[in-house]
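Trainee: First the structure, then my questions, so here it is.
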Amino acid sequence: MFFSQLMTKRLLTVFIAIFLTACSEENTVAGSEQNTLQQPNLPVLEVYKRPTCRCCSKWMTHLEDNGFETKAHNKNYLSALKTKKNIQPQYQSCHTAISKDGYVFEGHIPAKYIHQFLQEKPESAIGLAVPAMPVGSPGMEVGSKFRPYDILLLKVDGSAEIYARINTQKEQY
């Protein structure tokens, strides 16, 4: 009789432990689903680039590491897109990213300045550009080499002005 009561208590303890563990796992799963649902969506940039461009892919990784989702569109010819988006030839670079609002981000722009621009949404602006491909800019890293560069604010009328001046590699991040 004593053995039977002891065995019953142990079995009951095991069942309670299993039940509590199962409930705990359900709450963890439900909690993680809830966190996923509550997590804000990352801003998406549609990136138009040449299929073989490595620096463009490195720039996209920089964006993804800094709060963006990117979607690559590999195209051999980008001139028509740049013309359609009113990116003047002197402001062009190797890739063009477009936000859901239609803003353009031309070239190796640091992610933090794209975030800043999207929060500010400057009046009469179509986006930002880093013309050419400055050594040391995101995606164009070459060891510790760095060349200062300007981030330009592109305007609806086709003109541009300096949005930010990047004097050191550290200022980009």
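Trainee: Among (1) in contact with a Lys or Arg (Cβ under 7 Å, 6 or more places away or on another chain); (2) in contact (Cβ under 8 Å) with a residue 24 or more places away in the chain; (3) at negative phi, which single condition is residue 136 missing?
Mentor: All conditions pass for residue 136, except number (3).
Trainee: Same structure, new question: Within the stretch 47-60, identify whether any single residue is of a type in the set (A, V, I, L, M), closer than 15 Å to residue 152 by Cα and surrounded by 14 or more Cβ atoms within 10 Å (Cβ to Cβ), and answer yes or no.
Mentor: No - not one qualifying residue is present in the stretch 47-60.
Trainee: Also, I was wondering about something else. Kindly evaluate residue 72 against the criterion of being of a type in the set (A, V, I, L, M) and at pLDDT below 90.
Mentor: For residue 72, the condition - of a type in the set (A, V, I, L, M) and at pLDDT below 90 - is not met.
Trainee: Still on this structure, please answer the following. Could you count how many residues in the stretch 109-129 are within 19 Å of residue 156 (Cβ to Cβ) and touching a strand residue (DSSP E or B) at 6+ places or on another chain (Cβ under 9 Å)?
Mentor: 11
Trainee: While we're looking at this one, here's another question. How many residues does the stretch 69-98 hold that are surrounded by fewer than 18 Cβ atoms within 10 Å (Cβ to Cβ), of a type outside the set (Val, Ile, Thr) and outside any loop (DSSP other than H, G, I, E, B)?
Mentor: Selection size over the stretch 69-98: 11.
Trainee: Since residue 170 meets every condition but one in (1) in a helix (DSSP H, G or I); (2) touching a residue at least 24 places away in the same chain (Cβ under 8 Å); (3) surrounded by fewer than 18 Cβ atoms within 10 Å (Cβ to Cβ), which condition does it not meet?
Mentor: (2)
Trainee: Touching a residue at least 40 places away in the same chain (Cβ under 8 Å), in contact with a Pro (Cβ under 9 Å, 6 or more places away or on another chain) and closer than 16 Å to residue 48 by Cβ: does that describe residue 163?
Mentor: In short, no.
Trainee: Let me spell it out: the conditions are (1) aliphatic (A, V, I, L, M); (2) part of a helix (DSSP H, G or I); (3) farther than 18 Å from residue 65 by Cβ, and residue 118 meets all of them except one. Which number is the exception?
Mentor: Among (1) aliphatic (A, V, I, L, M); (2) part of a helix (DSSP H, G or I); (3) farther than 18 Å from residue 65 by Cβ, the lone unmet condition for residue 118 is (3).
Trainee: Checking residue 142 against (1) free of Cβ contacts under 8 Å to residues at least 24 places away in the same chain; (2) buried (at least 16 other Cβ atoms within 10 Å of the Cβ); (3) among the aliphatic types (A, V, I, L, M), which single condition isn't satisfied?
Mentor: Going through the list (1) free of Cβ contacts under 8 Å to residues at least 24 places away in the same chain; (2) buried (at least 16 other Cβ atoms within 10 Å of the Cβ); (3) among the aliphatic types (A, V, I, L, M), residue 142 breaks only (2).
The values are calculated or read from the model by the stated rules, or taken from the named source; none is laboratory data. The shown structure was predicted, so the numbers you read here are calculated from the model rather than taken from an experiment. Cβ sites come from the backbone with ideal geometry, for glycine too, and all protein chains shown count toward neighbours.
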